[in-house]
Amino acid sequence: MLWPPAVDLYSDTQTKPTAAMRRAMAAAEVGDEQQGTDPTVNGLCARVAEMLGHEAGLFLPTGTMCNLVAVATHTSPGDAIVTSVDSHIVRSETGGAAAYSGVITDLLTGDRGRFEPEAVAEALAPGNAYRPWPRLVCLEQTHNFGGGTVWSPAQYRAVADVAHRTGVPVHTDGARLFNATVASGTDPGVWGEPVESIWIDFTKGLGAPMGAVLVGDRDFIEAARVHKHRCGGAMRQAGIAAAGCLHALDNHIERLADDHANAARLAEGISQLGVGTEEVETNMVWIDVAPAGLGAAEFLERLAADGVRMSRVEERVRAVTHLDVSAADVETAITAVGAVLAELP
Ligand SMILES: Cc1ncc(COP(=O)(O)O)c(C=O)c1O
């Protein structure tokens, strides 16, 4: 494998902070985040809460910790949470919700991560002496393993309405929320307003090195702060990191449209080479290399030898565009895929 890869489509987590972001971080005014006196962190939390239409925000090191803390705040051990079968909470957080909060998951299938309100209504049948009580519905916008898919505002609200009718709160994993706002031309409040808690990640398309902000009402955030501390997520001069996040909010949202255009071009170029791609909605291209008579692992290995890095989930190959991938890089990647396929017997 060539390292570093010439074109890194492994994930949008692979961005490096820009020179301007590093300057903003170096100049940050800082305090003690753990004691609530870091002005840059406080400014970031207030700004994200306002963007998403909530009262308060909590700065956490990672998105995984946002999900962990939010599930713990909404539930008690033995409760059930309702989410999609391939949500990040279920597939990629090493069972954190079960290990830390003691919840069981009730898993819904649907259209690439998006399920119907009727399915939620069924899952929210009340608990009893046998059946665990469903206490939380978890959504993901965009949906990663669904394919970077975007919920429509109507379906998202319909699902939240069903939950609320049975008194169950809704939590949204917004690791890539701004990919959804840019792709659908919606305001962030459209996704914040219908749910009790939601968070955004700064380390994906927004290109910051660390940080995520979880928002909700004041009581929820105060309860979440206890879990944050318990998990070891309370920090000190975290304003350095928060300054990178503020810089991302100012400079890296609108440009996500470039990532979406690059992903669409990548899918078009690759599908013309005879392998299948799933429909692209944001910055992810999911590729099925089986029609070329090749396993995903072997495909990735051959591609890496040509300097192009992608990832895989089982037999699905994933390519993600981001801040450090140019339109020219996309053409390089298409050429490399063509070369791998041309080498096959
Ligand atoms: C949908 C989704 N949720 C949560 C996370 C976790 O975020 P973090 O890497 O900041 O812990 C990711 C990371 O890839 C993700 O894709």
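The values are calculated or read from the model by the stated rules, or taken from the named source; none is laboratory data. If you're wondering where the values come from, they're calculated on a predicted model, not measured in any experiment. All Cβ positions, glycine included, derive from the backbone under ideal geometry; neighbour counts span all protein chains shown. Protein only, heavy atoms only, side chains kept; ligands, DNA and RNA dropped before computing areas. Shrake-Rupley method; radii C 1.70, N 1.55, O 1.52, S 1.80 Å.
Odds and ends about this structure:
- Pairs with Cβ under 7 Å, 6+ apart, first in the range 318-345 and of a type in the set (Lys, Arg), second outside any helix (DSSP H, G or I): 318/284; 318/286; 318/310; 318/311; 318/312
- Pairing each residue of the range 110-124 that is free of Cβ contacts under 8 Å to residues at least 24 places away in the same chain with any residue that is of a type in the set (D, E, K, R) and part of a loop (DSSP other than H, G, I, E, B), provided the two are 6+ apart or on different chains, yields no C-beta distance under 8 Å.
- Scanning the range 1-26 for residues that are surrounded by 16 or more Cβ atoms within 10 Å (Cβ to Cβ) and assigned to a loop (DSSP other than H, G, I, E, B) yields 5, 9, 10, 11, 15, 17, 18.
- Here the condition is being among the basic types (Lys, Arg), away from the ligand (no atom under 12 Å from the Cβ) and within 16 Å of residue 224 (Cβ to Cβ); of 165, 157, 112, 135, it holds for 135 alone.
- Any hit, the range 187-203, residues being open to solvent by less than 30 Å² (accessible area, probe 1.4 Å) and acidic (Asp, Glu): yes
Conditions (1) within 26 Å of residue 86 (Cα to Cα); (2) surrounded by fewer than 17 Cβ atoms within 10 Å (Cβ to Cβ); (3) not aromatic (Phe, Trp, Tyr), marked per residue:
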site: 262; (1), (2), (3): yes, no, yes
site: 279; (1), (2), (3): yes, yes, yes
site: 295; (1), (2), (3): yes, yes, yes
site: 305; (1), (2), (3): no, yes, yes
site: 311; (1), (2), (3): yes, yes, yes
site: 326; (1), (2), (3): no, yes, yes
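- Unique match (being under 19 Å from the mean Cα position of the chain (by Cα), away from the ligand (no atom under 16 Å from the Cβ), in the same structural domain as residue 174 (by TED's automatic domain parsing) and not acidic (Asp, Glu)) among 103, 90, 82: 82
- Residue that is most open to solvent (accessible area, probe 1.4 Å), among those in the range 74-103 that are over 26 Å from residue 146 (Cα atoms) and in contact with a strand residue (DSSP E or B) (Cβ under 8 Å, 6 or more places away or on another chain): 76
- First in the range 206-218 and charged (D, E, K, R), second anywhere and open to solvent by 10 Å² or more (accessible area, probe 1.4 Å), Cβ under 6 Å, 6 or more apart: 217/55; 218/55; 218/56
- Of all residues in the range 125-138, those satisfying the criterion of being touching a residue at least 40 places away in the same chain (Cβ under 8 Å) and of a type outside the set (D, E, K, R) are 126, 127, 132, 133, 134, 136, 137, 138.
- Against the list (1) open to solvent by less than 10 Å² (accessible area, probe 1.4 Å); (2) within 23 Å of residue 54 (Cβ to Cβ); (3) outside any loop (DSSP other than H, G, I, E, B), the condition residue 155 fails is (1).
- Matching entry among 116, 29 (being out of contact with any Ser or Thr (no Cβ under 8 Å at 6 or more places or on another chain), open to solvent by 50 Å² or more (accessible area, probe 1.4 Å) and of a type in the set (Asp, Glu)): 116
- Selection from the range 47-73 of residues that are within 12 Å of the ligand (Cβ to nearest atom), in a helix (DSSP H, G or I) and open to solvent by 20 Å² or more (accessible area, probe 1.4 Å): 64, 65, 68
- Residue in the range 306-335 that is nearest to residue 267 (Cα to Cα), counting only those that are of a type in the set (A, V, I, L, M, F, W, C) and either part of a loop (DSSP other than H, G, I, E, B) or in contact with a Gly (Cβ under 7 Å, 6 or more places away or on another chain) (or both): 334
- Number of positions in the range 204-232 that are out of contact with any Phe, Trp or Tyr (no Cβ under 8 Å at 6 or more places or on another chain), of a type outside the set (A, V, I, L, M, F, W, C) and buried (at least 22 other Cβ atoms within 10 Å of the Cβ): 4
- If you filter the range 119-152 down to residues that are among the aliphatic types (A, V, I, L, M) and more than 21 Å from the chain's Cα centre (by Cα), you find that the one that is surrounded by the fewest Cβ atoms within 10 Å (Cβ to Cβ) is 129.
- Residue count, the range 168-186 (criterion: over 16 Å from residue 217 (Cα atoms) and open to solvent by 20 Å² or more (accessible area, probe 1.4 Å)): 5
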